Amino acid sequence: MKIAIASGKGGTGKTTIATSLAHSLAGSIKVWYLDCDVEAPNGHLFLNPIFTEQVDAVIRIPQIQPESCTLCGKCVEVCQFHALAKVAKKILVFNQLCHGCGSCTWNCPEGAIVEIPNPIGVLEAGLTKHGIHFLQGVLTISEPMPTPIIRQLKKWKTPPAQALTLLDAPPGASCSVVETLRGADFALLVTEPTPFGLHDLKQMLGIVDDMHIPCGVVINRDGIGNDQVDKFLAEKQIPVLLRVPFSKELAEGIAAGQTLVDILPDYRQKLQHLFEEIIHLVKVSYAK
Amino acid sequence: MNIIISALEADLESPICERFGRAPYFLSVDTETMAWEAHANQATMRAGGAGVAAAQFVIDQKVEAVISGDFGPNAAGALRAATIAMYLFNDDTKTVNQAVELFKENKLANFA
């Protein structure tokens, strides 16, 4: 089973919930943790894996062979990302706009395009002391495109069938989040009871609805802000699976790199219960 | 000479648009006859690559110069490679018409 943890708004506690959930379950089931927040992966700070493998994340970008190119412009026409432009007497390639999809190469009638590997970051894997298989993607600073590296991270290794895979999503509500959610059995949406939390929660709900992924909500920093998130969720009949109160003790522990389970052992049971509820919700949704 | 100006509306009296890649309209103007044509910019709604798409449009119109508030690195790279001159509005430029007049008077700065 695959559970993606997403939020829209940054800093709501995706990684806190994802790493704590991983920690709480690690003793009883096989857990794989994929840090898909490739622009700022920080799950490792809480789970402390020892990385033993590293590979380059590469996209293949076109290089036009001028001796074969007839300047027909087909490659420019088919590029959905406008990574190519046809100017006076040549085709320009904008490497940083290229998603490496290969459409230009496939569609070139002259076979005038060769693809050259362009490394945009690395994929890393290792084990934690609790036996969690930890994988993360790290996008090189100044590289603008996180989506291809997330796609590669998800394809890199195949967890055993009975394993639980937790995908820690990047913040926001754009392509990189959609790529993380793709193929997930459940979306755990972490929010906070503030207007910002609610605004982005609505965006996330729009996305998971569109992708037909069942979801539930964790309200973090419960007690701050206002009651609008609760009212909204009650109205939409979206289950609140866990509330984590706003507390200095938790904040201090998290700042020191501890999971909720490290800080308050009660959370082991709370998070295990959360997982059971998720299994139930997934079953109900598949029965429909 | 045929030039293109980024504009908010599809009219010669339109306010100029400071943005190039995501300008709502491009007005192509013949500076001798003042004949003009408005083109809706198809690149405005793109998630990425709007600058290159807009530059490609300008290049395909076979104009000699383009005037806007600024040019991003990708758009500027494409326009430069196509040897299309880039000019910037100045503080007096409010409408497309004014931009054309200031351009004719050589009062607009070249985008380097």
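The values are calculated or read from the model by the stated rules, or taken from the named source; none is laboratory data. None of these values were measured; they are calculated from a predicted model. Methodologically, a virtual Cβ is constructed for each residue, glycine included, from the backbone with ideal geometry; neighbour enumeration extends over all protein chains shown. Ligands, DNA and RNA are excluded from the accessible area calculation, which covers all protein heavy atoms including side chains. Shrake-Rupley method; radii C 1.70, N 1.55, O 1.52, S 1.80 Å.
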- Task: Could you list, in sequence order, all residues of the stretch B:62-106 that are open to solvent by 20 Å² or more (accessible area, probe 1.4 Å), within 14 Å of chain A (Cβ to nearest Cβ), under 18 Å from residue B:30 (Cα atoms) and not acidic (Asp, Glu)?
- Result: B:62, B:85
- Per the list (1) within 14 Å of chain A (Cβ to nearest Cβ); (2) touching a helix residue (DSSP H, G or I) at 6+ places or on another chain (Cβ under 8 Å); (3) farther than 26 Å from residue A:95 by Cβ; (4) of a type in the set (A, V, I, L, M, F, W, C), residue check on residue B:7 breaks on (1)
- Task: Go through (1) assigned by TED's automatic domain parsing to the domain that holds residue A:20; (2) within 30 Å of residue A:71 (Cα to Cα) and name the single condition residue A:114 misses.
- Result: (1)
- Please verify whether the stretch A:69-79 includes one or more residues that are small (Gly, Ala, Ser), part of a loop (DSSP other than H, G, I, E, B), in contact with a strand residue (DSSP E or B) (Cβ under 9 Å, 6 or more places away or on another chain) and within 14 Å of chain B (Cβ to nearest Cβ). yes
- Message: Please verify whether residue B:58 is surrounded by 17 or more Cβ atoms within 10 Å (Cβ to Cβ) and within 10 Å of chain A (Cβ to nearest Cβ), treating the condition exactly as stated.
- Response: no
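One line per residue, one yes/no per condition, for (1) assigned by TED's automatic domain parsing to the domain that holds residue A:167; (2) buried (at least 20 other Cβ atoms within 10 Å of the Cβ); (3) under 29 Å from residue A:161 (Cβ atoms):
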residue: A:8; (1), (2), (3): yes, yes, no
residue: A:18; (1), (2), (3): yes, yes, yes
residue: A:35; (1), (2), (3): yes, yes, yes
residue: A:69; (1), (2), (3): no, no, no
residue: A:73; (1), (2), (3): no, no, no
residue: A:78; (1), (2), (3): no, no, no
- Could you tell me whether residue A:143 is more than 27 Å from residue A:254 (Cα to Cα), in a helix (DSSP H, G or I), within 14 Å of chain B (Cβ to nearest Cβ) and not basic (Lys, Arg)? no
- Task: Run down A:219, A:207, A:238, A:224 and say which single residue is on the phi < 0 side of the Ramachandran plot, at pLDDT 95 or above and surrounded by fewer than 15 Cβ atoms within 10 Å (Cβ to Cβ).
- Result: A:224
- Message: Can you find, within the stretch A:191-201, the residue that is least open to solvent (accessible area, probe 1.4 Å) among those that are free of Cβ contacts under 8 Å to residues at least 40 places away in the same chain and in a helix (DSSP H, G or I)?
- Response: A:198
- Message: I'm trying to understand the selection: among the residues of the stretch A:95-126, which are in contact (Cβ under 8 Å) with a residue 60 or more places away in the chain and surrounded by 14 or more Cβ atoms within 10 Å (Cβ to Cβ)?
- Response: A:118, A:120, A:121, A:122, A:123, A:124, A:125, A:126
